[in-house]
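Asker: Handing you a structure now.
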Amino acid sequence: QVQLVESGGGLVQPGGSLKLSCAASGRIFSIAAMGWYRQAPGKQRDLVATITSIGVTNYADSVKGRFTISRDNAKNTVYLQMNSLKPEDTALYYCNAQIRRVIADPAYNYWGQGTQVTVSS
């Protein structure tokens, strides 16, 4: 079994910062891309940021310059540093990873359970 566990969400005032973490555990041979997505109430799930196994990053326009994605391959963990938070960043944030469990298998998409981020004064 493979599990993604997120942490670090919470309530923060506008202009504040939070750092999300997501650790993958279980039977893992390799992890390709990892990323963060978010879903606000009544809206679709949108990409926030992704990072490849060699550190190539991609960001949604709405978070460029404010959010930074990083990963620790030795710990199978991806992070999202969020600065200058705005009320419109309020959402349930999901971790995603493309994981190959054994060498002979293709990589499958796995999701965490989500962590709530609320930006409000």
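The values are calculated or read from the model by the stated rules, or taken from the named source; none is laboratory data. This one's a predicted model, so the numbers in the text were calculated from it and none came from an experiment. Please note: Cβ atoms are built from the backbone with ideal geometry, for glycine as well, and neighbour counts cover all protein chains shown. Ligands, DNA and RNA are excluded from the accessible area calculation, which covers all protein heavy atoms including side chains. Shrake-Rupley method; radii C 1.70, N 1.55, O 1.52, S 1.80 Å.
Asker: So Leu47 ticks every box in (1) open to solvent by less than 50 Å² (accessible area, probe 1.4 Å); (2) of a type in the set (A, V, I, L, M, F, W, C); (3) within 30 Å of Ala104 (Cβ to Cβ) but one. Which box is left unticked?
Answerer: The single condition Leu47 does not satisfy is (1).
Asker: Hey, could you check the stretch 10-43 for residues that are open to solvent by less than 50 Å² (accessible area, probe 1.4 Å) and of a type in the set (S, T, N, Q) and say which is farthest from Thr77 (Cα to Cα)?
Answerer: Ser30
Asker: For the stretch 60-98, how many residues meet the condition of being outside any loop (DSSP other than H, G, I, E, B), open to solvent by less than 40 Å² (accessible area, probe 1.4 Å) and not aromatic (Phe, Trp, Tyr)?
Answerer: The qualifying residues number 11.
Asker: Pairs please, first residue from the stretch 65-85 and closer than 24 Å to Ser30 by Cβ and in contact (Cβ under 8 Å) with a residue 40 or more places away in the chain, second anywhere and open to solvent by less than 40 Å² (accessible area, probe 1.4 Å) and of a type in the set (Phe, Trp, Tyr), Cβ atoms under 8 Å, 6+ apart in sequence or on different chains.
Answerer: Qualifying pairs under 8 Å: Val78/Trp36; Leu80/Trp36; Leu80/Phe67; Leu80/Tyr93.
Asker: Now a separate question. From the set of residues in the stretch 105-121 that are open to solvent by less than 40 Å² (accessible area, probe 1.4 Å) and part of a strand (DSSP E or B), which is nearest to Val12 (Cα to Cα)? Let's see the steps before the verdict.
Answerer: The initial filter retains those residues of the stretch 105-121 that are open to solvent by less than 40 Å² (accessible area, probe 1.4 Å), namely 112, 114-115, 117, 119.
Checking which are part of a strand (DSSP E or B) leaves us with 115, 117, 119.
Details: Thr115: 14, Val117: 8, Val119: 5 Å.
By that ranking, first place goes to Val119.
Asker: Same structure, new question: Quick one: which of Ala60, Ala74, Ala32, Ala40 is closer than 16 Å to Leu4 by Cβ and not charged (D, E, K, R)?
Answerer: Of the residues listed, the single one that is closer than 16 Å to Leu4 by Cβ and not charged (D, E, K, R) is Ala32.
Asker: Turning to a different aspect of this structure: Whether any residue in the stretch 36-44 is within 30 Å of Ala104 (Cβ to Cβ), under 15 Å from the mean Cα position of the chain (by Cα) and in contact (Cβ under 8 Å) with a residue 12 or more places away in the chain is what I want to check.
Answerer: For the stretch 36-44, residues within 30 Å of Ala104 (Cβ to Cβ), under 15 Å from the mean Cα position of the chain (by Cα) and in contact (Cβ under 8 Å) with a residue 12 or more places away in the chain: present.
Asker: If you scan the stretch 7-24, which residues turn out to be closer than 23 Å to Asn96 by Cβ and small (Gly, Ala, Ser)?
Answerer: Hits for the stretch 7-24 are Ser7, Gly8, Gly9, Gly10, Ser17, Ser21, Ala23, Ala24.
Asker: Tally the residues that are within 30 Å of Pro14 (Cβ to Cβ) and among the basic types (Lys, Arg), restricting the search to the stretch 74-104.
Answerer: Final tally of qualifying residues: 1.
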